[in-house]
Amino acid sequence: MRKLIIVVASLLVVVLFILQGFQQTHPLPEPDNNRQSAATGEGIADALDAIYFDVSIMGVQDATAERLASDFGVDTSCLSAVYGRYTDGRFGIADVILVVPKPGQEAAARDLLVTIRTSRAGLFANYDIYGASELAENGVIYTLGDYYVLLMINDTDHVRELLEQYIPA
């Protein structure tokens, strides 16, 4: 008798667990892709990981305001944020730099990126390694939402697609 009670209780527990699996589920809300972004840096790390996944150039480092100032001699006081990665130049070039200008400093931020591009083009004009001179000379500067972007990397179209995919604009 005792075994029968244990078996019936066990079956009852199993049936209750099974029936809980058939309860009506509520769908998750759809993500709001039309929201306005204020350049929070959201998605940039994932975008950079995707961009640099197949980049085999050594010497890639994170871009910071301090590094840009020391490596390129630019005044970064016009920026509220800096994101990206760039190479030290010894093994070629694969630079993706995103900056967020302070309000009213948009022209200065663009000039900063032009200065970096010109610096890289001058460096590689004397010793072109792996086509770096051409990449630097043809570096693309554009805006993506609140970000100003400098691309000096192979396959800029693919890189732009990845940035647009990961960074809400």
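Would you mind finding the one in Ala125, Ala132 that is of a type outside the set (S, T, N, Q) and under 19 Å from Val55 (Cα atoms)?
On the way: Ala125 fails: under 19 Å from Val55 (Cα atoms).
Step by step, each of Ala125, Ala132 is checked, and only Ala132 is of a type outside the set (S, T, N, Q) and under 19 Å from Val55 (Cα atoms).
Listed residues Ala121, Ala108; which is more than 18 Å from Ile44 (Cβ to Cβ), out of contact with any Ser or Thr (no Cβ under 6 Å at 6 or more places or on another chain) and at pLDDT 90 or above?
Just a single option satisfies the conditions, and that option is Ala108.
Quick check: anything in region 134-141 under 17 Å from the mean Cα position of the chain (by Cα), more than 26 Å from Glu66 (Cβ to Cβ) and assigned to a helix (DSSP H, G or I)?
Looking through region 134-141, none of the residues is under 17 Å from the mean Cα position of the chain (by Cα), more than 26 Å from Glu66 (Cβ to Cβ) and assigned to a helix (DSSP H, G or I).
Please find, within region 119-151, the residue that is nearest to Ile167 (Cα to Cα) out of those that are among the hydrophobic types (A, V, I, L, M, F, W, C) and open to solvent by 50 Å² or more (accessible area, probe 1.4 Å).
Leu123
Please go through region 70-84 and pick out each residue that is modelled with pLDDT of 90 or more, outside any loop (DSSP other than H, G, I, E, B) and under 22 Å from Ile153 (Cβ atoms).
Within region 70-84, Leu79, Ala81, Val82, Tyr83, Gly84 qualify.
Can you tell me which residues in region 73-100 are surrounded by fewer than 18 Cβ atoms within 10 Å (Cβ to Cβ) and aromatic (Phe, Trp, Tyr)?
Phe91
The values are calculated or read from the model by the stated rules, or taken from the named source; none is laboratory data. These figures come from a predicted structure and were not determined experimentally. Don't worry about glycine lacking a Cβ; one is built from the backbone with ideal geometry, like all the others, and counts go over all protein chains shown. Note: accessible area is taken over every heavy atom of the protein model, side chains too, but ligands, DNA and RNA are not part of it. Shrake-Rupley method; radii C 1.70, N 1.55, O 1.52, S 1.80 Å.
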